[in-house]
Amino acid sequence: IQERLKVSARLATSANDKVAATDGEPVHFAYPTTAWLPGEVVQDVYDLWVPSTIPSGTYEILLILYREADGSEIGRANLGTIELPSP
């Protein structure tokens with residue numbers, strides 16, 4: 001990859017409304033996409049702070065790779081859903 005890209009880890013409604021997110025460079029800013037090798041699998045972890053005001057229900061877990069300069073999306077993965085219980 002020829003450019004440094006960022007990752008957004010998100011919790012979203014089925015209508016794609018973002019309710020929680022964290023953005024950063026891969027591996028806590030220690031392993032930029034420009035250092036990745038072809039075919040390499042890069043393991044990474046993102047913590048999401050979920051406000052207590054979010055209503056119970058089913059939410060999608062998304063990872064989005066994007067250009068920092070203009071926010072254009074390069075790719076996205078839906079990692080499934082999570083059910084948030086009533087407080």
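The numbers here are math on the coordinates, done by the rules we state, and not lab data. Quantities reported herein were computed from a predicted structural model and do not represent experimental measurements. Neighbour counts run over all protein chains shown; Cβ positions are idealised from the backbone, glycine included.
Here the Gaussian network model covers the chain, with springs between Cα atoms less than 10 Å apart; of Val42, Val27, Val19, Val42 fluctuates the most. Here is the P(r) of the range 1-50: all C-alpha pair distances, binned every 5 Å from 0, give 4, 19, 24, 20, 13, 12, 6, 0 in whole percents.
Dipole magnitude of the chain about its Cα centre, charges +1 at Lys/Arg Cβ and -1 at Asp/Glu Cβ only, in debye to the nearest 20?
Its charge dipole is roughly 60 debye.
The local environment of Arg4, defined by Cβ-Cβ distances under 15 Å, has a net charge of -4 under the rule Lys, Arg +1 and Asp, Glu -1. For the chain, with a Gaussian network of springs between Cα atoms less than 10 Å apart, report the residue from Gly39, Gly24, Gly71 with the top mean-square fluctuation. Sorting by GNM fluctuation, first place goes to Gly39. Computed on the Cα atoms alone, the convex hull of the chain gives a volume of 106 cubic angstrom per residue. When Lys and Arg each count +1 and Asp and Glu each count -1, what net charge do the other residues less than 12 Å away from Ala20, Cβ to Cβ, add up to? Net charge around Ala20: -2.
Taking Cβ atoms as reference points and 12 Å as the exclusive limit, the residues near Arg76 contribute a net charge of -1, counting Lys and Arg as +1 and Asp and Glu as -1. Summary: within the chain, the longest segment free of GluC sites (Glu not before Pro) located in DSSP loops with at most 15 other C-beta atoms within 10 Å is 4-39.
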